[in-house]
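In what follows, a single structure is set out as structure tokens and then discussed.
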Amino acid sequence: MGVKCNQLFWSRFGERWRKATSVITKSYKRKDVRLKDLDLKFIKDLAYFFKTELKLRQATVYRSIQRIKKIIQFAIAENYLQKDPFHLYKNKKYKAVIVYLMDEGLQC
């Protein structure tokens, strides 16, 4: 991965992590959570917070969770974390229904 791709990835992760800190302060009454304290409940709380408090659509929630999952996988690969909190989490992908216009709909 090139330098620009890495910077883009980390900036997107940073954006989501800033939003995730809102969950930590509201639900857990702390400023931060250690990596080893991340569990399935935290991930579900995070997805719920994205949907309800931030009013994000399912596609955005999916991408946000995927970005955080990628960081967790990196932490596991670098031995910062021993177990995968995403092991039992099923991220729900949203498939949008696309409606195509017919020729009749385009004519005035």
Q: State in Å² the accessible area per residue of the stretch 26-106; use a 1.4 Å probe, count heavy atoms of protein chains only, and round to the nearest integer.
A: 80
Q | Debye equation applied to the C-alpha atoms of the stretch 22-108, log10 I(q)/I(0) at 0.18, 0.25 Å⁻¹ | A | -0.84, -1.32
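Between Tyr80 and Lys55, what's the calculated FRET efficiency when r is the beta-carbon distance and R0 is 41 Å? Round to 0.05. All intermediate terms of the calculation are to be shown ahead of the outcome.
On the way: r = 32 Å, r/R0 = 0.79.
That gives a FRET efficiency of 0.80.
The values are calculated or read from the model by the stated rules, or taken from the named source; none is laboratory data. Just so we're clear, the structure is a prediction, and the values are computed from it rather than from any experiment. Cβ: placed from backbone, ideal geometry, glycine included. Neighbour counts: every protein chain shown. Accessible surface areas use protein heavy atoms only, side chains included; no ligands, DNA or RNA. Shrake-Rupley method; radii C 1.70, N 1.55, O 1.52, S 1.80 Å.
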